[in-house]
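The values are calculated or read from the model by the stated rules, or taken from the named source; none is laboratory data. The structure displayed is predicted, hence computed values, not measured ones. In this analysis, Cβ positions are derived from the backbone assuming ideal geometry, glycine residues included, and neighbour counts consider all displayed protein chains. Accessible surface areas use protein heavy atoms only, side chains included; no ligands, DNA or RNA. Shrake-Rupley method; radii C 1.70, N 1.55, O 1.52, S 1.80 Å.
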Amino acid sequence: FANGMLDLRTMTLSAHSPDYLSAVQHPVKWDPDATCPTYDRWIKQVLPAQYEDLEEVAATMLDPSRTPPKGLFLFGPSRSGKSTFLRLLVAIAGEANRSGVTLHQLATNRFMAASIHGKVLNAAADLSAEHVQDLSSFKMMTGEDPIQADQKWGQLFTFTNRALFAFSANEPPPVGETSRAYFERIKPFKFGQSFAGPPHPRR
């Protein structure tokens, strides 16, 4: 965090030091007594039945020692809070620590996996409704499997993903398989209420 290194086992904060080998610093300060009543009211309004589950999955991006086992999939009508929640995740992760590769790009572009290396969050909003045929890279990256990345104009390298995947769309795109392995790696959350205002009357 911006104000120190947090030990997730003891929840104690220590000063930044070169003795701790960390490649990520979140641009927020750790404060165990902090409250956020505006956020609390908002999340209970947009996702009343699932907000605690959503926060639990989202918090896995703060643990650099493991791969988040599930990706977030937020779906629902326009102006329902999906993109707002993704922006909150980006604010916590930090722009330098996030990528924005879509599920379709990961399936069709061999260079995209390299963009996720070293990140704590891969967040992409407004996914296309087009069919996603190949889910092998996504399953490997959420399953702690080493993945070979092809860096454009660079060399091949192998890494194990540590980024949380977070996507949003009006509806989840159709995919090329119905295996249990895929559905165990996504966590859908329905943002069911649109807060879009009435259309402006024409003059």
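Excluding ligands, DNA and RNA, the accessible surface per residue across the chain is 60 Å² with a 1.4 Å probe.
Remark: region 57-139 is approximated by an ellipsoid whose semi-axes, taken from the C-alpha gyration tensor as √(5λ), come to 19, 18, 12 Å, largest first.
Summary value for the chain: 27 percent relative contact order, contacts being C-alpha pairs under 8 angstrom separated by 6+ residues. Compute the whole-percent fraction of alpha carbon pairs in region 1-92 spaced more than 18 Å apart. The proportion of pairs with Cα distances above 18 Å equals 54 percent.
The value obtained for the chain, namely the Cα convex hull volume divided by the number of residues, is 169 Å³ per residue. Dipole magnitude for region 1-103: about 440 debye, using +1 per Lys or Arg Cβ and -1 per Asp or Glu Cβ, origin at the Cα centre. How many Lys pairs in region 1-152 lie less than 30 angstrom apart by Cα atoms, where the lysines are 8 or more positions apart or on different chains? So the count of such lysine pairs works out to 16. Packing order of peptides 13-20, 67-74, 183-190, highest average first: 67-74, 183-190, 13-20 (average count of other Cβ atoms within 10 Å over each peptide's residues). Just need the Rg to Rh number for region 29-81, please, alpha carbons only, Kirkwood Rh. Taking Rg over the Kirkwood Rh, I get 1.00.
The alpha-carbon positions of region 115-169 define a convex hull whose volume is 99 Å³ per residue. Across region 111-203, C-alpha contacts under 8 Å between residues 6 or more apart give a mean separation that, scaled by the residue count, equals a relative contact order of 36 percent.
Simple spin-label estimate for residue 145 and residue 53 gives 2.6 nm between the two label positions (7 Å along the Cα-to-Cβ direction from each Cα).
Shown are 11, 141, 5, whose ranking by accessible area with a 1.4 Å probe and every protein chain present, most to least, is 11, 5, 141. Note on region 88-198: Rg/Rh from C-alpha atoms, Kirkwood Rh, equals 0.98. Straight-line reach from residue 190: taking Cα to Cα under 20 Å and skipping same-chain neighbours fewer than 8 places apart, the aspartates and glutamates in range are 40, 52, 53, 55, 56, 126, 130, 171. A full extension of the chain between residue 17 and residue 42 corresponds to an added length of 5.3 nm, given 0.36 nm per residue minus the alpha carbon distance. Taken about its Cα centre, the chain carries a charge dipole of about 660 debye when Lys and Arg each add +1 at the Cβ and Asp and Glu each add -1 at the Cβ.
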